[in-house]
Each structure stands twice: as structure tokens, then as C-alpha cells.
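Chemist: Next up is a structure, given as C-alpha cells.
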Amino acid sequence: MQVSVTVSGFSRLFDNDLGRVLDAARVLDAAGATTLVLADHVVMGERTDRYPFGTFPYGPDEPWPEPLTLLSAIAAVTERVRLGTGIVLTPLRPPALLAKVCATLDQISRGRLDLGVGPGWQREEYAACGLDWSRRWDLLDDGLRACAALWTQTAPVSFASATVAFGPTWCLPQPVQCSPITGIPLHYGMAATPAHVARIAALGAGWLPIHTTSVEQLRDGIDALRAAFSAAGRDPATLRVRASAKVVTTDDGHVDIEATRSASTHLADLGVTEAAVGLGRHAKDATALERFVRDVVDAFAAI
């Protein structure tokens, strides 16, 4: 099974020094992690208690670097690790600008961008960007369709929807990746409701089940997505699923490789393709990073 590592906890792990994040990225690249993932918050409101998926792990004063900017710097110091977002709040960015930024990053990284997308959970972010929270799903759908058109169609490109319209327009360069649906792979971070399954089957390469709380929900979501892929004429075997995995540690804080492997074998049986672990939750400090990543990669290599 492949392994993604989400980098967060910038104040604790890196003392808010983003230069040290680049050092960590080099370690992840060399240690064999499949994907390096960054989360996104344009602003953070004071009501972190409204986080709908449990206890929010950080205070409102925790820094959240702009992920596409930081991934561009990471692309320059790495060679093979894929660059992911988990998730980037695409409705907060004008679609043409988002398309240009992502295409540029995909070019810089030679086709390593995996764009995790979703609307987020904070009304405050929409207010700060002058956007209507109630229209977030329309903004998400229209924006991603517009990006896909700019990434895959021969310029000049025209596009029209309820929330965005343009054209004839040249938005170049286009990305290195050239899948026929969106070019850059889109991974949707949302629950597997019927409406969201339809979204993913239409444009998505993968699912980020950040809303999933049980094995049953994960199984049902993957089954529903595979069925929807088939109904849309897509190969269900191409569905990628990045799901949180349990990392078991020993009394001295190191990864218990065998126990971690045993605790996550069922994920592969369900159809998960990439085990997701977080540095902010597991690595105690930056000095322990290399051993942590290598042990995690070893733990999942045989699954």
C-alpha cells in the first residue's frame, strides 16, 4: 500500500520556520513516501469548536501556509514524491487563477500534483473572501469544471455556468498531466453521499474520506463509488482512495511496524490505495522525522 504523509503542526515541529519544512520534504522524498500532503485554511476563525469531525487539533493561532505556494517550493527540492492537498478550498479561489496556479505547479513538478478539493467547514473563510457560504457547492462544481476545461481543451477555451463564465480564453501553460477528464487528478474530500458520489464519478480520480468514521462507512462509500464509476463508463479499478491509517507506537515513541501493519491490513481489503498518516499527530519533533517516515513506509509496503 502507498503512503501519504500530511505535514501540519508547523509551530511545534518547525517552530514556524517554513525553510525547515523544505528540509522535511527532502526527507519524505528520500524515505519513500508516496505523497506529501498539505492542508488549507485561508483564515482561521475563533470557533474551532464548530469543527464537525471531532476535536480540532490546533488552536486558531496555528499557522496554515498557503498550500499551493509551499508545494511549489517543495517541488523544487524533491524529485519523486507526489504533491497533494488535503484539501485545498477551491471555492475560495477564482477558477481561472486556480487553474493557472495548479498548471504552473504541475509543470514545475513535472506532473506530480494531486489536487485534493472540497468546500471546507468554516463560514468565516467565505466571509473573509467576500463569498456566499450558501453557494459553496455551486462555486466548487462550477470552478472545478472551469479548471478542467482550461487544463484539457485546446485554447482558446470558452466556459459558461451559473457562477463563472469566460472565453474565448488562453490560460497557458497547461499542466503536464493530461488525463482526458481533468488533466490534473482531482481527489474529493467529502462524505460519500449520493450527491457527492455523483460529483466524484463525474470528475474525480479519487476520494479522501475525511468525513468517514467507521469501517462500514468506508466500505459502503468505496462500493458506491465503484458502482458510480462503472455507470459512468469509467474503470472502477482506477478509483484511488486515501484514508487515514492507525500508526501504532512503542513505549519509546517509535513506530511498531508489525502492529501498524496488522492494524491497517483491512484498509487494503476494502479498496484503500493510500494510507494517510499525519506528522502533526505522530512525530514528536523534526529530529525524529526520518525514522518515523521510513518505519511507516516499511509498515505499509507489504500490505
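Where a number appears in this text, it was derived from the coordinates with a stated rule and is not lab data. In this text, all values refer to a predicted model and were calculated from it rather than measured experimentally. Quick reminder, even Gly has a Cβ in these numbers, built from the backbone with ideal geometry, and neighbours come from all protein chains shown.
Chemist: Specify which of the listed residues (Leu140, Leu115) is touching a strand residue (DSSP E or B) at 6+ places or on another chain (Cβ under 8 Å), closer than 17 Å to Val176 by Cβ and of a type outside the set (S, T, N, Q).
Modeler: On the way: Leu140 fails: closer than 17 Å to Val176 by Cβ.
Just a single option satisfies the conditions, and that option is Leu115.
Chemist: Could you list, in sequence order, the residues of segment 1-33 that are out of contact with any Ser or Thr (no Cβ under 6 Å at 6 or more places or on another chain) and closer than 16 Å to Arg82 by Cβ? Break it down stepwise before answering.
Modeler: At the first step, the residues of segment 1-33 found to be out of contact with any Ser or Thr (no Cβ under 6 Å at 6 or more places or on another chain) are 1, 5-24, 26-28, 30-33.
Within segment 1-33, Met1, Val5, Thr6, Val7, Ala24, Arg26, Val27, Leu28, Ala30, Ala31, Gly32, Ala33 meet the criteria.
Chemist: Can you pull out every residue in segment 239-252 that is exposed (fewer than 13 other Cβ atoms within 10 Å of the Cβ) and either within 19 Å of Asp298 (Cβ to Cβ) or touching a residue at least 24 places away in the same chain (Cβ under 8 Å) (or both)?
Modeler: Our first condition is that a residue be exposed (fewer than 13 other Cβ atoms within 10 Å of the Cβ); within segment 239-252, this holds for 246, 250-252.
Lys246, Thr250, Asp252 - these are the residues of segment 239-252 that are exposed (fewer than 13 other Cβ atoms within 10 Å of the Cβ) and either within 19 Å of Asp298 (Cβ to Cβ) or touching a residue at least 24 places away in the same chain (Cβ under 8 Å) (or both).
Chemist: Out of Leu131, Leu115, which single residue is over 21 Å from Leu83 (Cβ atoms) and either surrounded by 16 or more Cβ atoms within 10 Å (Cβ to Cβ) or not charged (D, E, K, R) (or both)?
Modeler: Details: Leu115 fails: over 21 Å from Leu83 (Cβ atoms).
Just one listed residue meets the conditions, Leu131.
Chemist: Moving on to the next point. Return yes or no: is Leu68 surrounded by 14 or more Cβ atoms within 10 Å (Cβ to Cβ), touching a Cys at 6+ places or on another chain (Cβ under 8 Å) and either in a helix (DSSP H, G or I) or among the basic types (Lys, Arg) (or both)? Write out each step before concluding.
Modeler: Values: surrounded by 14 or more Cβ atoms within 10 Å (Cβ to Cβ): yes; touching a Cys at 6+ places or on another chain (Cβ under 8 Å): yes; either in a helix (DSSP H, G or I) or among the basic types (Lys, Arg) (or both): yes.
So Leu68 passes the test.
Chemist: Just one of the numbered conditions (1) in contact with a strand residue (DSSP E or B) (Cβ under 8 Å, 6 or more places away or on another chain); (2) outside any loop (DSSP other than H, G, I, E, B) is not true of Ala201; which one?
Modeler: Every condition holds for Ala201 apart from (1).
Chemist: Let me ask something additional. If you go through segment 253-266, how many residues are loosely packed, with under 15 Cβ neighbours inside 10 Å and either part of a loop (DSSP other than H, G, I, E, B) or among the basic types (Lys, Arg) (or both)?
Modeler: Within segment 253-266, the first condition is being loosely packed, with under 15 Cβ neighbours inside 10 Å, and the residues that meet it are 253-254, 258, 262, 265-266.
Then keep just the ones that are either part of a loop (DSSP other than H, G, I, E, B) or among the basic types (Lys, Arg) (or both); that gives 253-254.
Qualifying residue count for the region: 2.
Chemist: Quick one: in segment 33-65, which of the residues that are out of contact with any strand residue (DSSP E or B) (no Cβ under 9 Å at 6 or more places or on another chain) and charged (D, E, K, R) is surrounded by the most Cβ atoms within 10 Å (Cβ to Cβ)?
Modeler: Per the criteria, the residue is Glu62.
Chemist: In addition: Is there any pair linking a residue in segment 99-113 that is in contact (Cβ under 8 Å) with a residue 12 or more places away in the chain to one that is among the hydroxyl-bearing types (Ser, Thr, Tyr), with Cβ under 7 Å and at least six apart or on different chains, and which?
Modeler: Correct list of pairs: Leu105/Ser72; Ile108/Ser72.
Chemist: Here is a follow-up. Take Ala76 and tell me if it is under 30 Å from Ala146 (Cβ atoms), out of contact with any His (no Cβ under 9 Å at 6 or more places or on another chain) and crowded, with 22+ Cβ neighbours inside 10 Å.
Modeler: Answer is no for this residue.
Chemist: Which of the residues spanning segment 90-121 are closer than 22 Å to Arg242 by Cβ and of a type in the set (S, T, N, Q)?
Modeler: Thr90, Ser109 - these are the residues of segment 90-121 that are closer than 22 Å to Arg242 by Cβ and of a type in the set (S, T, N, Q).
Chemist: Of the numbered conditions (1) within 19 Å of Trp121 (Cα to Cα); (2) assigned to a loop (DSSP other than H, G, I, E, B), Asp49 satisfies every one except a single condition; which is it?
Modeler: Checking Asp49 against (1) within 19 Å of Trp121 (Cα to Cα); (2) assigned to a loop (DSSP other than H, G, I, E, B), the one that fails is (2).
Chemist: A further question follows. Among the candidates Leu218, Leu172, single out the residue that is more than 20 Å from the chain's Cα centre (by Cα) and farther than 15 Å from Gly118 by Cβ.
Modeler: Working: Leu218 fails: more than 20 Å from the chain's Cα centre (by Cα).
On inspection, the qualifying residue turns out to be Leu172.
Chemist: What are the residue pairs meeting all of these: first residue in segment 220-234, first residue surrounded by 13 or more Cβ atoms within 10 Å (Cβ to Cβ), second residue of a type in the set (Ser, Thr, Tyr), Cβ atoms under 8 Å, and 6 or more apart or on different chains?
Modeler: Gly221/Thr212; Phe229/Thr238
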